[in-house]
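Here the structure comes first, spelled out in structure tokens, and everything after it is commentary.
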Amino acid sequence: MKHNWIPDRSHAGAWLSMLLLVLLLAGCAATSILPRQYNEPAQVRSYKLSLVTTPGQTEDSLLIVQPEAGGASRWIQTNALGAPLARLSLRDGQWTTDGFAPPNPRARQLFEAIIAAQIPQAQWPAAYPGVDIRETADSAGAIYTFSRQGQTLWSLQPPPAHGASGTTSAAAAIGITLPDRSQWNLTPLPARP
């Protein structure tokens, strides 16, 4: 009877195939969905993020997007007490964990949806050439669902246009829904001098 943790050589091909499959799937899961061209913000941007927990109730957090040297940016999400929920850096189209915060794939996906929300709607097809963007509507207005290869990435619900000019308020909330069905409201906060 063998008490050896090393697999039998007759099964080495199967083990190698399984290892390669796991690595391939891990690589697909970590793929970022960023626009073809993304310009990092020139100044610090602040947002109120509200996770809708039940109808009418939210858990609020603060998101700071800070420009860094070399065209990078730091994305820091904190709870109401200032404790970090997510700290990621975006450099050359790649996300990395910033500091000692644990990896947070949901935050990365949320931040990518926020980037899409900052791009004018008319530019989405050119910015996301491999992504299908489908428009639907509900009683609150238009919903734009971004998907790739049949997998939903996120949905955006811009605020409805106000007035005869069709413009929206700068502080109006943008609705974001992630594939895990979490619903977020993103509200830009005024810049401080």
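Every read-out reported here was derived from the displayed coordinates using simple, explicitly stated rules and does not represent laboratory data. Since we're looking at a predicted model, the values are computed, not measured.
Close amide H pairs (under 5 Å, H built 1.01 Å from N) link Trp154 with Phe146, residues at least 5 positions away or on another chain. Our estimate of slack between Glu59 and Asp92, defined as 0.36 nm per intervening residue step minus the Cα-Cα distance, is 8.7 nm.
At full extension, Ser46 and Phe100 could sit 17.3 nm farther apart than now, given 0.36 nm per residue minus the alpha carbon distance.
So how much slack lies between Ala140 and Ala172, counting 0.36 nm per residue of separation and subtracting their Cα-Cα distance, in nm? Don't skip to the answer; put the middle values down first.
On the way: separation 32, 0.36 × 32 = 11.52 nm, distance 1.33 nm.
My answer for the length gained is 10.2 nm.
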